[in-house]
1. At a 1.4 Å probe, what is the % contribution of carbon and sulfur to the accessible area of the chain?
2. State the answer as a single residue: which of Gly24, Pro84, Leu2 lies farthest towards the positive end of the charge dipole of the chain, with beta carbon charges of +1 for Lys and Arg and -1 for Asp and Glu, about the Cα centre.
3. With every protein chain kept in place and ligands, DNA and RNA left out, what is the accessible area per residue of the chain? Probe 1.4 Å, answer in Å².
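The values are calculated or read from the model by the stated rules, or taken from the named source; none is laboratory data. The structure displayed is predicted, hence computed values, not measured ones. Glycine also receives a Cβ, built like all others from the backbone with ideal geometry; neighbour counts cover every protein chain displayed. The area values use the complete protein model at the heavy-atom level, side chains included, leaving out ligands, DNA and RNA. Shrake-Rupley method; radii C 1.70, N 1.55, O 1.52, S 1.80 Å.
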Amino acid sequence: MLRIAVPNKGSLSEPASQLLVEAGYRQRRDSRELVLPDPDNEVEFFFLRPRDIAVYVGSGTVDVGITGRDLLLDSGVEAVEHRPLGFARST
């Protein structure tokens, strides 16, 4: 099962959740849900603080995550940016 980290708050949260819903994944019903299994798509979503996502990806705790490039660079972990998503730009 693929493990995906999604921002639980901040400017990335809503656009990331909307992107996943539009792609056909389950949507969490309660903002307090921290883990959302989607067995139909063989995915498990983890709702984490945006600052922690790169660390979880870098350590292998999750397979992929949606976070800001600035947070990835600040974390200092070895993770690969696969694609800019084009929302919640930082200055």
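1. Details: 2940 of 6180 Å².
Roughly 48 percent, rounded to a whole number.
2. Pro84
3. Details: 6180 Å² over 91 residues.
For the chain, the solvent-accessible area averages 68 Å² per residue.
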